[in-house]
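First the structure, in the form of structure tokens, and then the observations on it.
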Amino acid sequence: MDIRKGTRLIDRPEFKTKPVPITFLKKDKVFQAIEIMSEKNYGSVVIVDDKDKVIDIVKKLVKNNMSPKTTKLEEIMTPNPRVANENDDVLDWLRIMSNDRFRRLPVVDEKGKIKVIFTQGDFVSYTWPDLIFHASQLAKASFMKGFSLNTMLIMMFIYGVALIAAIKAFV
């Protein structure tokens with residue numbers, strides 16, 4: 001798949017400036033995650049295996065009145081999260097996140113190690129300019145679709161004659 005430079009997740013300025021995600025092993029206690037999340041003001045933590053590969057992203061730290069001091073993260077996590085590669089296309093993941101209704105996207109390198117977490121908000125700075133560009137390209141394409149080169153030249157000639165006539169009429 002040939003991806004246009006600048007459209008990969010790793011090309012986004014947010015990729016380089018986002019803090020490193022907080023990671024835990026699934027056997028760690030919920031209480032540990034709560035403490036770090038509170039201290040750093042994070043909304044989620046990433047559960048990884050012993051090779052730093054993403055297992056889950058946890059944001060729900062209180063479930064069924066379970067004790068955070070004795071509950072293990074694996075007891076509240078949902079396995080098999082969606083995970084993006086840093087070279088994936090931005091718009092593909094924005095579309096997937098929107099359609100499948102999830103807000104946080106762990107992004108990993110080629111070895112599967114967690115690099116950053118993108119949120120839907122991170123895509124906003126990319127999508128508005130890009131959407132405007134695509135809309136203008138579609139408008140141009142649909143406008144030009146019905147016209148041949150000869151038709152365009154004739155229209156330009158008629159426009160030029162009308163412009164000259166209007167100028168002479170007011171001068």
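Derivation of every value follows stated rules applied to the coordinates shown; laboratory data play no part. Note that the coordinates shown come from a computational prediction; the quantities given were computed from them, not determined experimentally. Here the Cβ is made from the backbone with ideal geometry for all residues, glycine too, and neighbour counts use every protein chain on show.
Per residue, how big is the convex hull of the range 61-103 when only Cα atoms are used? Give it in Å³.
Per residue, the Cα convex hull of the range 61-103 comes to 99 Å³.
Whole-Hz ³J(HN,Hα) for each residue in the range 15-24, computed from phi via Karplus 6.51 cos²θ - 1.76 cosθ + 1.60 with θ = phi - 60°, x for glycine and proline: what do you get?
Computed from phi, the couplings for the range 15-24 are 4, 7, 9, 6, x, 5, x, 7, 10, 9 Hz.
Taking the Cα atoms of the range 24-78, what is the range of coordinates along each of the three principal axes, in descending order and whole Å?
So the extents along the principal axes, rounded to whole Å, are 30, 23, 16.
Please compute the modelled spin-label separation between SER67 and MET156, points set 7 Å along Cα→Cβ, answer in nm with one decimal.
8.1
By how many nm would the segment from LYS113 to ARG82 grow when fully extended, if each residue of separation counts as 0.36 nm and the alpha-carbon distance is taken off?
Additional length available on full extension: 9.8 nm.
Fully extended, how many nm does the chain gain between VAL20 and PHE133 (0.36 nm per residue separation, minus their Cα-Cα distance)?
Working it through step by step, the gained length comes to 37.5 nm.
Report the full-extension gain for the segment GLU35 to LYS53: residue separation times 0.36 nm, less the Cα-Cα distance, to one decimal in nm.
Extending this stretch completely gives an extra 4.2 nm.
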